[in-house]
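A short write-up of the structure that comes next.
The values are calculated or read from the model by the stated rules, or taken from the named source; none is laboratory data. The structure presented is a predicted model; accordingly, all values stated were derived computationally and were not measured. Cβ: placed from backbone, ideal geometry, glycine included. Neighbour counts: every protein chain shown. Heavy atoms of the whole protein, side chains included, go into the accessibility calculation; ligands, DNA and RNA do not. Shrake-Rupley method; radii C 1.70, N 1.55, O 1.52, S 1.80 Å.
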Amino acid sequence: MLSICLQKSATTARAAVPRCSAIARGCWSKAPVTPVAAKLSPLVAASRAYSTSRPLSAAATTSTQPSSANKVPPAEPWRRHISPDAATPTVYTFFEKVTSTWQYVVVDPHTSEAVIVDPVLDYDANAGAISTNTADGLLAFIEAENLNVRRVLETHAHADHLTAAQYIKQQLGGDIPVCIGRRILLVQKTFAPIYGLDDPTTFENAFDCYFDDDQEFKLGQLSCSVLHLPGHTPDHVGYLIGKAVFTGDSIFNPDVGSARADFPGGNAEDLYASMQRLLSLPSDYRLFVGHDYPQNRDQTCWSTVEEQRHANKHLKLGADKSAFIEWRKQRDAVLGAPRLLHPSLQVNIRAGRLPPADDKGRVFFQIPITSSVDL
């Protein structure tokens, strides 16, 4: 086990970080893809009019939450997806380019209550430095729009980026619950011995809310439900709010296809079933994905169910189940571990907390090592 000491400033001296082992396999396929154009129904084509780059209108209420201590300009959403009906939220989308991660600020337009989905904590692996510019931009946006954040929603234990959930909770006064699916307990149990997290108190109340499958909760006047979408990881969930679905890594944009399923507890058969569950939703529902890896196009965060049915490069209508499962397994067998695998997991299985400090106050990431020789 090799340890990497952490700094909390991006200006620290850089240190070489050994290549991650494949002791715990990771997250996604980055194979080149070709965009596929699908013929859209009039209903779906009309729904795209709700996505806009127009300036935001003033929010209806004034936020009473504390503001971030680190003042940065408000992050500019890539798109503003205006609520199309009384049951569907307005969605502000933010692309974190270093890890190709989509972050979402999801708002009930009736009350200006909001949730944040899958926020990113900045990490410079070469320097071992944590910083918060990305999260501070989200917080500044929330403050500028007078939104009241009620929850931070995690879709799963990410293996490709660190979550800013805990930092956002702290900056908003400490009363914002960080939520995830209940099966995170299985993921914690899997990785605790790998990273030397042997103290059973390490994971006590790590998250504030552990959702059951199909559990419902409210966002202002909107009804939300939890979808268990295993395959990529066993704990993976999505969030259905009106006609918006926040899918995490259970499906990607049509020209990217699907995520890998060789994470411990991941399963290609389960991934197939989860993708089919999403494709069975009404055709005009929007699937907001967790990542995008664009080739010869701008990044995008969503597609409709109908677009996925006709154009998903791995699992469009008529795709053979056995062929998909076999292809996914073969593809995953040759993929390397994600670049930020070990730091991400050590932070994310504890809801965004850094590993416990040693008796001298130092904080380290643990890197499991495999070796063919005894040195």
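Residues to consider are 114, 140; find the one that is of a type outside the set (Lys, Arg), over 14 Å from the mean Cα position of the chain (by Cα), farther than 19 Å from residue 179 by Cα and modelled with pLDDT of 95 or more.
Details: 114 fails: farther than 19 Å from residue 179 by Cα.
The conditions single out 140.
For the stretch 305-319, name all the residues that are modelled with pLDDT under 95 and open to solvent by 60 Å² or more (accessible area, probe 1.4 Å).
316, 317, 318
Output the residues belonging to the stretch 185-205 that are in contact with a helix residue (DSSP H, G or I) (Cβ under 9 Å, 6 or more places away or on another chain), closer than 19 Å to residue 232 by Cα and β-branched (Val, Ile, Thr).
187
Answer yes or no as to whether residue 122 is open to solvent by 10 Å² or more (accessible area, probe 1.4 Å) and either under 23 Å from residue 364 (Cβ atoms) or hydrophobic (A, V, I, L, M, F, W, C) (or both). Steps first, please.
Values: open to solvent by 10 Å² or more (accessible area, probe 1.4 Å): yes; either under 23 Å from residue 364 (Cβ atoms) or hydrophobic (A, V, I, L, M, F, W, C) (or both): yes.
Spelling it out, residue 122 is indeed open to solvent by 10 Å² or more (accessible area, probe 1.4 Å) and either under 23 Å from residue 364 (Cβ atoms) or hydrophobic (A, V, I, L, M, F, W, C) (or both).
Output the qualifying pairs, or none if there are none: Cβ atoms under 7 angstrom, residues six or more apart or on different chains, first residue in the stretch 209-236 and in a loop (DSSP other than H, G, I, E, B), second residue of a type in the set (Val, Ile, Thr) and open to solvent by 30 Å² or more (accessible area, probe 1.4 Å).
Pairs found: 220/111; 221/111.
Just one of 227, 240 is farther than 20 Å from residue 342 by Cβ, out of contact with any helix residue (DSSP H, G or I) (no Cβ under 8 Å at 6 or more places or on another chain) and surrounded by 18 or more Cβ atoms within 10 Å (Cβ to Cβ); which is it?
One residue alone meets the criteria, 240.
Is it the case that residue 260 is in a loop (DSSP other than H, G, I, E, B), farther than 24 Å from residue 116 by Cα and open to solvent by 10 Å² or more (accessible area, probe 1.4 Å)?
No; evaluated as a whole, the condition is false for this residue.
Residues that are of a type in the set (S, T, N, Q): which strands (runs of 3 or more DSSP E) entirely in the stretch 84-150 hold 1 or more of them?
Filter on the stretch 84-150 gives 90-96, 101-107, 129-131.
Every residue in the stretch 288-304 that is out of contact with any Phe, Trp or Tyr (no Cβ under 8 Å at 6 or more places or on another chain) and open to solvent by 10 Å² or more (accessible area, probe 1.4 Å), please. Show your work before the answer.
To start, the set of residues in the stretch 288-304 that are out of contact with any Phe, Trp or Tyr (no Cβ under 8 Å at 6 or more places or on another chain) comprises 294-298, 300, 303.
Correct list: 294, 295, 296, 297, 298, 300.
Results for (1) open to solvent by less than 10 Å² (accessible area, probe 1.4 Å); (2) at pLDDT 95 or above; (3) not hydroxyl-bearing (Ser, Thr, Tyr), shown as yes or no for each residue.
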| residue | (1), (2), (3) |
| --- | --- |
| 109 | no, yes, yes |
| 156 | yes, yes, yes |
| 160 | yes, yes, yes |
| 199 | no, no, yes |
| 206 | yes, yes, yes |
| 209 | no, yes, yes |
| 217 | no, yes, yes |
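Any chance you could count how many residues in the stretch 143-163 are in contact with a Ser or Thr (Cβ under 7 Å, 6 or more places away or on another chain) and closer than 16 Å to residue 180 by Cβ? Reasoning before the result, please.
Within the stretch 143-163, the subset in contact with a Ser or Thr (Cβ under 7 Å, 6 or more places away or on another chain) is 143, 146-148, 154, 156-162.
Still in the list and also closer than 16 Å to residue 180 by Cβ: 154, 156-159, 161-162.
Qualifying residue count for the region: 7.
Here's the yes/no breakdown for (1) closer than 30 Å to residue 65 by Cα; (2) of a type in the set (D, E, K, R); (3) part of a loop (DSSP other than H, G, I, E, B):
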residue: 155; (1), (2), (3): yes, no, yes
residue: 159; (1), (2), (3): no, no, yes
residue: 170; (1), (2), (3): yes, no, no
residue: 173; (1), (2), (3): yes, no, yes
residue: 176; (1), (2), (3): yes, no, yes
residue: 189; (1), (2), (3): no, yes, no
residue: 198; (1), (2), (3): no, yes, yes
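Give the residue, chosen from 140, 135, that is farther than 22 Å from residue 204 by Cβ, small (Gly, Ala, Ser) and touching a Phe, Trp or Tyr at 6+ places or on another chain (Cβ under 7 Å).
135
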